Amino acid sequence: MLRLEGVTKRFGELVAVNDLSLNVAAGSISAIIGPNGAGKSTVFNIVSGIYRPSAGEIFFEDARIDGWPTHRIAAAGIARTFQNIRLFSFMAAIDNVLAGEDAHLHARLWDSLLHTPRQRREEKAARERARELLRFVGLEGVAETYARNLPYGSQRRLEIGRALASRPKLLLLDEPAAGMNPREKGELADLVAAIRERGITVLLIEHDMGLVMRVSDEITVLDYGQRIASGKPAEIRSNPRVIAAYLGTAVA
Amino acid sequence: MIYLYFLVAIAVVIAAQRLNDLRAKRVLFLLLGAALLCAPLFDRNDATFNVLADAGIFVLLALGLNIVVGFAGLLDLGYAAFFAIGAYAYAMMASPQFNLHLPFWLLLFLAAAFAAIFGIILGAPTLRLRGDYLAIVTLGFGEIVPQIFQNLTKYTGGPNGIGALDFPSFFGRSFGQSTIPYYYVVLALIALALFFAYNLRDSRLGRAWMAIREDELAARHMGINTTAVKLAAFALGASFSGLAGVVFAAKLSLVSPDLFQFQVSVLIVSMLVLGGMGNIPGVIVGALVLVLVNNVVLPQANTIAASAGLHVDFGNYHFFIYGAILVGIMLFRPEGLLPSRQRKEELHHAAA
């Protein structure tokens, strides 16, 4: 579904991502792990169109998407969350979700200006879907609360709800469990599984190994911008290069 | 007497803001509109309606700028440029200048369209800019436009501007020297502007503006085409200003570059800050208060001072007075007199 071929990203002298090839299978839950600074978030930023790769190609469902503007990539079916939550802080939870639906709304300028019947119908349906999504991520009670005023864990869930509103085929989750307590992490794992049940492919970056091992079908390990391993959770767990990257290794 | 109009209008708008019930709000606005419509039947003082029409023109400008700055969060310091474009459009196409005498009503639409096009022309190069950088570029645009009108002497009459503009007419009856017809036109345009502004706020486009104001990058990731959405804000905001410019020019029957200097842009931004950026009733109150100070209180203060044997021209101090008002607002009520819930919380969080 998502295929990276030889993707490299340089920032001046720094090579943040180096010749990375990656294949995310449709319907899977995949994870990218690696020490801090390994280039994981850079990969997300390249896929979602914030950065253009310095070299390499990115394919999403057979369309080559590197170089597309961000909003077009989003509309094509790739949604994401952010490592440091980026909600629309002073908009109600439901309006955050509604903003996520934007790419699927058809109201033109005139519809917005005149509130045509078509606009009214569309808004009503969109609001209905937004409520359903809030229920799905467990936030039905706080639809009118400003995102900013929600507890941390709820903000993470709202960000996922907002991303789902854009009806993605592929959802990128950037450290979704960061700052969560064990109970919240458990709920998150269930939520990720439920998202897959909806037919959405999930690619996540996560430091919490318990969560990664529990939910992932496929894990890719990055270190210094390079892929050092990939495979099933059990294979990754016992891979000496991975252990070395995380724990350090004696200089030969 | 003139104070009564302003105070009633301000009081009604504030009351409307306090009401939660949408229908009650609408009724209140309609009552105010009806009262204002009937006012000339009882009060035939032309000077009063001249001031009120001016106040209305600034309400229009404030509502337009509010779309750009308040809704979409794009700080535009050159908004008077679009006002000038609207006014000059009327002046050039309804005067002896080119011997063109297009009807006022047609020019209202044309000027709104012109202003919108220039809104896009200004908007396009600023799309990547934010905050202070955007403000500087728009400020430049606001300086360039009156300069162009000043220097294209052949077409625009240069520093003297264009005079003897046509009186508009309504079904064959000329507006003549009376200011009351302009007052009615302004009321109608405000009603239209309010209808559009409220609709926009509660629409897909309004939500997209809010989203880019809150976090542009995240908005783009939601599939929002930020380019199109920002250009729509510039174009729509400018079109309100173009309408205001046409009425302003026709009423004065004269345009000249010095009517559209930087201070006009500053005045309109001040109205937004004073009233409560992003909140429609707020910016109306802001516009009314500053016009009241500028066009009523200061001239009267002059008369009073003169009768006391003092020779002070308070008009010369109007910047000092705005300055004092703005500093006071920033210190004691940074969200403005009549803020939106959003802005209030935003500033509370910022302070905390």
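The values are calculated or read from the model by the stated rules, or taken from the named source; none is laboratory data. What you are looking at is a predicted structure, and each value in this text was computed from that prediction instead of being measured. All Cβ positions, glycine included, derive from the backbone under ideal geometry; neighbour counts span all protein chains shown.
Which residues, taken from region A:143-166, are in a helix (DSSP H, G or I) and among the hydrophobic types (A, V, I, L, M, F, W, C)?
The first filter runs over region A:143-166 and keeps only residues in a helix (DSSP H, G or I), leaving A:147-149, A:152-165.
If the condition is that a residue be in a helix (DSSP H, G or I) and among the hydrophobic types (A, V, I, L, M, F, W, C), then A:Ala147, A:Leu158, A:Ile160, A:Ala163, A:Leu164, A:Ala165 are the ones that fit.
Conditions first: (1) buried (at least 20 other Cβ atoms within 10 Å of the Cβ); (2) in contact with a Phe, Trp or Tyr (Cβ under 8 Å, 6 or more places away or on another chain); (3) part of a helix (DSSP H, G or I). B:Gly78 passes all but one, so which condition is the exception? Unmet condition: (3). Of the helices (runs of 4 or more DSSP H) lying entirely inside region B:212-308, those containing at least 3 residues that are within 13 Å of chain A (Cβ to nearest Cβ) and out of contact with any Lys or Arg (no Cβ under 8 Å at 6 or more places or on another chain) span B:226-252. Collect the residues in region B:147-179 that are part of a helix (DSSP H, G or I), of a type outside the set (S, T, N, Q) and modelled with pLDDT under 95, keeping them in residue-number order. B:Lys154, B:Tyr155, B:Gly158, B:Pro159 - these are the residues of region B:147-179 that are part of a helix (DSSP H, G or I), of a type outside the set (S, T, N, Q) and modelled with pLDDT under 95.
Confirm whether A:Ser166 is among the polar types (S, T, N, Q) and closer than 15 Å to A:Ala25 by Cα.
Working: among the polar types (S, T, N, Q): yes; closer than 15 Å to A:Ala25 by Cα: no.
The answer is no for A:Ser166.
Listed by first and then second residue, the pairs with beta-carbon distance under 6 Å, at least 6 apart or on different chains, first residue in region A:118-142 and assigned to a helix (DSSP H, G or I), second surrounded by fewer than 16 Cβ atoms within 10 Å (Cβ to Cβ), are A:Leu134/A:Glu140. If you go through region B:269-289 and pick out every residue that is touching a Phe, Trp or Tyr at 6+ places or on another chain (Cβ under 7 Å) and either of a type in the set (Gly, Ala, Ser) or farther than 16 Å from B:Gly64 by Cα (or both), you end up with 3. State whether the residues of region A:135-155 include one that is within 20 Å of A:Glu101 (Cα to Cα), aromatic (Phe, Trp, Tyr) and surrounded by fewer than 21 Cβ atoms within 10 Å (Cβ to Cβ). Scanning region A:135-155, I find at least one residue that is within 20 Å of A:Glu101 (Cα to Cα), aromatic (Phe, Trp, Tyr) and surrounded by fewer than 21 Cβ atoms within 10 Å (Cβ to Cβ), so the answer is yes. Set side by side, the residues A:Ala55, A:Ala38, A:Ala75 differ, and just one is small (Gly, Ala, Ser) and within 14 Å of chain B (Cβ to nearest Cβ), which is A:Ala75.
Assess whether A:Arg148 counts as being touching a residue at least 40 places away in the same chain (Cβ under 8 Å), of a type in the set (Lys, Arg), within 9 Å of another protein chain (Cβ to nearest Cβ) and more than 21 Å from B:Gly223 (Cβ to Cβ). Break it down stepwise before answering.
Details: touching a residue at least 40 places away in the same chain (Cβ under 8 Å): yes; of a type in the set (Lys, Arg): yes; within 9 Å of another protein chain (Cβ to nearest Cβ): yes; more than 21 Å from B:Gly223 (Cβ to Cβ): yes.
Considered against the rule, which asks whether it is touching a residue at least 40 places away in the same chain (Cβ under 8 Å), of a type in the set (Lys, Arg), within 9 Å of another protein chain (Cβ to nearest Cβ) and more than 21 Å from B:Gly223 (Cβ to Cβ), A:Arg148 comes out as yes.
Kindly establish whether A:Leu87 is crowded, with 22+ Cβ neighbours inside 10 Å, modelled with pLDDT of 95 or more and over 16 Å from the mean Cα position of the chain (by Cα). Can you show your working first?
Working: crowded, with 22+ Cβ neighbours inside 10 Å: yes; modelled with pLDDT of 95 or more: yes; over 16 Å from the mean Cα position of the chain (by Cα): no.
Judged against the criteria, A:Leu87 is not a match.
Report yes if some residue within region A:101-112 is surrounded by fewer than 16 Cβ atoms within 10 Å (Cβ to Cβ), among the basic types (Lys, Arg) and more than 13 Å from every other protein chain (Cβ to nearest Cβ); otherwise report no. Within region A:101-112, not a single residue is surrounded by fewer than 16 Cβ atoms within 10 Å (Cβ to Cβ), among the basic types (Lys, Arg) and more than 13 Å from every other protein chain (Cβ to nearest Cβ).
If you check B:Gly176, B:Gly158 for being more than 23 Å from the chain's Cα centre (by Cα) and under 30 Å from B:Phe42 (Cβ atoms), only one passes: B:Gly176. Read through the list (1) at pLDDT 95 or above; (2) over 14 Å from the mean Cα position of the chain (by Cα), then give the number of the only condition that B:Gly223 fails. For B:Gly223, the failing item is (1).
Each residue in region B:167-184 was checked for being surrounded by 22 or more Cβ atoms within 10 Å (Cβ to Cβ) and either under 14 Å from B:Leu259 (Cβ atoms) or touching a Ser or Thr at 6+ places or on another chain (Cβ under 7 Å) (or both), and 0 of them qualify.
Summed over region A:78-91, residues that are more than 8 Å from every other protein chain (Cβ to nearest Cβ) and in contact with a Leu (Cβ under 6 Å, 6 or more places away or on another chain) total 2. Per the listing B:Pro168, B:Pro146, the residue uniquely in contact with a helix residue (DSSP H, G or I) (Cβ under 8 Å, 6 or more places away or on another chain) and under 28 Å from B:Leu77 (Cα atoms) is B:Pro146. Of all the listed residues (B:Ala135, B:Ala112, B:Ala89, B:Ala94), the sole one being within 30 Å of B:Lys25 (Cα to Cα), in contact with a Leu (Cβ under 7 Å, 6 or more places away or on another chain) and in contact (Cβ under 8 Å) with a residue 60 or more places away in the chain is B:Ala112. All conditions but one from (1) under 28 Å from A:Leu203 (Cα atoms); (2) more than 19 Å from the chain's Cα centre (by Cα); (3) surrounded by fewer than 20 Cβ atoms within 10 Å (Cβ to Cβ); (4) more than 8 Å from every other protein chain (Cβ to nearest Cβ) apply to A:Ile94; the one that does not is (3). One residue alone among B:Ile67, B:Ile14 is buried (at least 20 other Cβ atoms within 10 Å of the Cβ) and on the phi < 0 side of the Ramachandran plot, and that residue is B:Ile67.
Okay, residues lined up against (1) surrounded by 15 or more Cβ atoms within 10 Å (Cβ to Cβ); (2) within 14 Å of another protein chain (Cβ to nearest Cβ):
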| residue | (1), (2) |
| --- | --- |
| B:Ala164 | no, no |
| B:Val186 | yes, no |
| B:Leu194 | yes, yes |
| B:Ser203 | yes, yes |
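Summed over region B:141-154, residues that are surrounded by 14 or more Cβ atoms within 10 Å (Cβ to Cβ) and either hydroxyl-bearing (Ser, Thr, Tyr) or within 18 Å of B:Ser241 (Cα to Cα) (or both) total 6.
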